[in-house]
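*Asks:* Here it is, the structure, as structure tokens.
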Amino acid sequence: MQGIHLTGDLFDCNCSAGLLTDLDALSTLCRDTTVDSGLTIVDEKYHVFPQWQGQPGGITGAVLLAESHLAIHTWPERRGVTLDVYVCNFTADNEAKARQLFDTLMFAFRPRSQVVNRIVRGDLAAGADALAAPAASASGSGPDKSGRDQLIFDWLNAHAGYGYTARQQIAVKDTPHQRLEVFDTHQFGKLFRLDGRLMTSEGDEFFYHEAMTHPALLSHPSPQSVLVIGGGDGGSCEEIFKHPSVRRIVMAELDEDVIRIAREHLGTIHKGALDDPRLEIRIGDGFEFVRACAEKFDLVVLDLTDPDTPAFHLYSEEFFRMCRGLLNPGGLMTLHLGSPVYQPATVKKNAAALRKVFKHVSPLTVFIPLYGSLWCLGVASDSVNPRALATEAVAQRLRERRINGLRLYNAEMHGALFALPTFVRELTDPAAPVVPAKRAA
């Protein structure tokens, strides 16, 4: 009659394998989360499917609720799950309980990506809300016109994640390479997500883009040519163009739809940089572009998705060595290494690969609000050590280049970015000597 229907298709779940095949584990999870949400269990029934091609079978089950039902089905061979929660709101508003049940189950399965729908169901007497929002999405199947917030979430590792509420999803595009989404959020305005990963937002992009570009650019006396691999949102290019000596940027972006989405929705991030005549956009695989490129650059910026995405081959020693071959004398390369808190093994691996290629590797850290974590970036060069650049020299170059209006980076911040916490120093340079603290007089 009148109620809320939540459905979810969860893909590439990163939960324990037993949760998809063990009846006791799954039924206990469903039972406990239902009780915790405040809904009333009337009965429950599960069926375990036989083995298929030597692999454990999945489980299908239903929990009958006084308010309606929970249905669940697992596909262990695909690491997939479907969820179905419906509650009646005829005598009471049970939506908050349904959302708690649904979200808790979704987080337990830890999907890499998901398609979630919120459907308002009811007869004509239910009023305008039911008619205005026949179908809605919490993560990617269409804008939610109900006026209620949606949850958007990203896993930092198998055990921790970070998320936000959004007013609505305002753009979605499935391209030959990936899924692109733009949300309107309360916290950070427009937020861009790629394959279920939080990428950038209007409200906090300066943390990442300024730290990615200015420490390296200010370490060069006169940067003129820059290669950006990835970076289709245009935020890095916008920062690079603030340096008046820059005459040319080549951007090698895999997916032209990223640039189209950015032009349409992320103008406050790129501020027109994507249409600057000094920018040449090359669509295609960054690895192959670098392999075939004969041009030299003063700076190479690897503005990529995370190392555990299809961009993993761009975080290899082989690729770093290819990028080094594109640098002019005195040139630098900059990239992000991952979160030292949630991805320490990744940070350690990437830093080690850089040290096999470059003489100077200078990690830096910055807290990025969108990701909810301290993040590690790095500047690499054969001849330039940005940590050695004095505060006064940075201030002078900022004045000479008439760069102002930055929100994160300044002369004093330059050295602070490279002042590493001890645990990050141990991850990124295990051979670095530990300087003992001086005893107070």
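*Asks:* Please build a GNM for the chain, connecting alpha carbons under 10 Å apart, and tell me which residue among 177, 336, 209 fluctuates the most.
*Replies:* Looking only at 177, 336, 209, the biggest GNM fluctuation is shown by 177.
*Asks:* Here is a follow-up. With N denoting the number of residues in segment 297-441, provide Rg(C-alpha) divided by 2.2 N^0.38 Å, to two decimal places.
*Replies:* It is 1.09.
*Asks:* Still on this structure, please answer the following. At 1.4 Å probe size, with the rest of the protein present, what percent of the exposed accessible area of segment 181-248 is carbon and sulfur atoms?
*Replies:* 48
*Asks:* Something else now. Which whole number in µm²/s is D for segment 48-126 by Stokes-Einstein, with the Kirkwood Rh taken over Cα pairs at 20 °C and 1.002 mPa s?
*Replies:* Stokes-Einstein gives a translational diffusion coefficient of 149 µm²/s.
*Asks:* Okay, next question. What residue among 257, 275, 184 has the largest mean-square fluctuation in a Gaussian network model of the chain, using Cα springs under 10 Å?
*Replies:* 275
*Asks:* Still on this structure, I have one more. Sorted by accessible area (1.4 Å probe), largest first, how do 276, 36, 255 line up?
*Replies:* 36, 276, 255
*Asks:* Run the reach check for residue 359 against lysines, Cα to Cα strictly under 29 Å, same-chain hits fewer than 8 apart removed. What comes back?
*Replies:* 242, 296, 348, 349
*Asks:* Report the longest stretch of the chain that contains none of the GluC sites (Glu not before Pro) sitting in a DSSP loop with at most 15 other Cβ atoms within 10 Å.
*Replies:* So the longest stretch without any such site is 78-294.
*Asks:* Over segment 311-441, with every protein chain in place, what whole percent of the accessible area is carbon and sulfur at 1.4 Å, could you tell me?
*Replies:* The nonpolar share, carbon plus sulfur, comes to 55 percent.
*Asks:* Suppose accessible area is computed on protein heavy atoms with a 1.4 Å probe; arrange 199, 212 from highest to lowest.
*Replies:* 199, 212
*Asks:* Run lengths n ≥ 4 of DSSP H only: what is the helix-derived mean residue ellipticity at 222 nm for the chain, with -39500 (n - 2.57) per run over all residues, to the nearest 500?
*Replies:* Rounded to the nearest 500, the figure is -8000 deg cm²/dmol.
*Asks:* On a 1.4 Å probe surface of the protein chains, which of 155, 52, 75, 375 comes out largest in accessible area, and what is the full order?
*Replies:* 52, 75, 155, 375
*Asks:* Please give the net charge around residue 31, taking every other residue with its beta carbon less than 11 angstrom from that of residue 31, where Lys and Arg add +1 and Asp and Glu add -1.
*Replies:* Result for the local shell: -4.
*Asks:* Counting Lys and Arg as +1 and Asp and Glu as -1, what is the net charge of the other residues whose Cβ lies under 9 Å from the Cβ of residue 309?
*Replies:* -2
*Asks:* Build a GNM of the chain with springs between Cα atoms under 10 Å: which of 311, 294, 71 gets the top mean-square fluctuation?
*Replies:* Highest fluctuation among the options: 294.
*Asks:* How large is the accessible surface per residue of the chain, computed with a 1.4 Å probe and reported in Å² as a whole number?
*Replies:* 44
The values are calculated or read from the model by the stated rules, or taken from the named source; none is laboratory data. As the structure is a prediction and not an experimental result, all values here were calculated from the model. For neighbour counting, all protein chains shown are included, and Cβ atoms are generated from backbone atoms with ideal geometry for every residue, glycine included. To get the accessible areas, we keep the full protein, side chains included, count just its heavy atoms, and leave off ligands, DNA and RNA. Shrake-Rupley method; radii C 1.70, N 1.55, O 1.52, S 1.80 Å.
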